[in-house]
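In what follows, a single structure is set out as structure tokens and then discussed.
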């Protein structure tokens, strides 16, 4: 099992906090987001990482090498991070994925049991969903069927039909990733579509109705989880007891 962490972005909405520090190195209590993320993954017996960096990447690399010397890390540099989105960063990992993966962005504050629950779920491909009706237009929402199979994912999913919010932590098989990379290569290299959320590509695979590569919802609402996007999020996170 490998873990892919996407940490290239400039995080403009968190300025001035991110003027001199990448978002993932902002402290939440006594540890920064990246430290907490790596701890949570390592606690689940995963030590093989692919980390895509960009903005102030040397700070991220130095922190990991100084604090997590026992893990195996492949760093990839997204040089055009100001002009692309997380689908581009994910596409960059295509030649380095060798096993099933855990995928997540670097700006999520969460309990390690979320990863444990994904790893133990009876699905090859699944994502963590906070089951709730307290949703807004900006959240990545999911529509599921009676078997927990995801039928739609994205910001445009109707709130009244949504199961909840996809929190940005996924488990995928190597077979799924092969199909996903085919989609991403076409979008990025042929269509020059570099500024897209990767959930759009998830939806393309979902629409093919390939049972082997179906994606399922795993309810993680019993655990704490939040994404840090704004100054308000950051302030609220300081009271987030983990």
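Looking at the chain, the DSSP beta bridges with both ends there are about 50 percent antiparallel.
Calculated translational diffusion coefficient of segment 2-237 (37 °C, 0.692 mPa s; Stokes-Einstein with Kirkwood radius over alpha-carbon pairs) equals 183 µm²/s.
Computed over segment 180-220, the convex hull of the alpha-carbon atoms projects to a mean area of 3.6 nm².
Here the contact order of segment 142-237, divided by its residue count and restricted to Cα pairs under 8 Å and six or more residues apart, works out to 32 percent. The Rg/Rh ratio for segment 1-119, using Cα coordinates for both the radius of gyration and the Kirkwood hydrodynamic radius, is 0.93. Panel values: segment 156-242, Kirkwood radius from alpha carbon pairs, Stokes-Einstein at 4 °C and 1.567 mPa s, translational diffusion coefficient 83 µm²/s. The distance separating the Cα centre of segment 180-216 from that of segment 80-122 comes to 15 Å. Normalised by the number of residues in segment 2-237, the mean separation of alpha-carbon contacts (under 8 Å, six or more apart) gives a relative contact order of 24 percent.
Which percent, nearest 5, of DSSP beta bridges in segment 1-104 are antiparallel? Restricted to segment 1-104, the bridges split so that about 10 percent are antiparallel. Relative contact order for segment 45-111: 37 percent, from Cα pairs under 8 Å spaced at least 6 residues apart, divided by residue count. Values of log10 I(q)/I(0) for segment 59-168 across q = 0.19, 0.22, 0.23 Å⁻¹ run -1.23, -1.39, -1.42, by the Debye formula with one identical scatterer at each alpha carbon and no solvent.
Each reported figure results from applying straightforward, stated rules to the coordinates on display, with no laboratory input. None of these values were measured; they are calculated from a predicted model.
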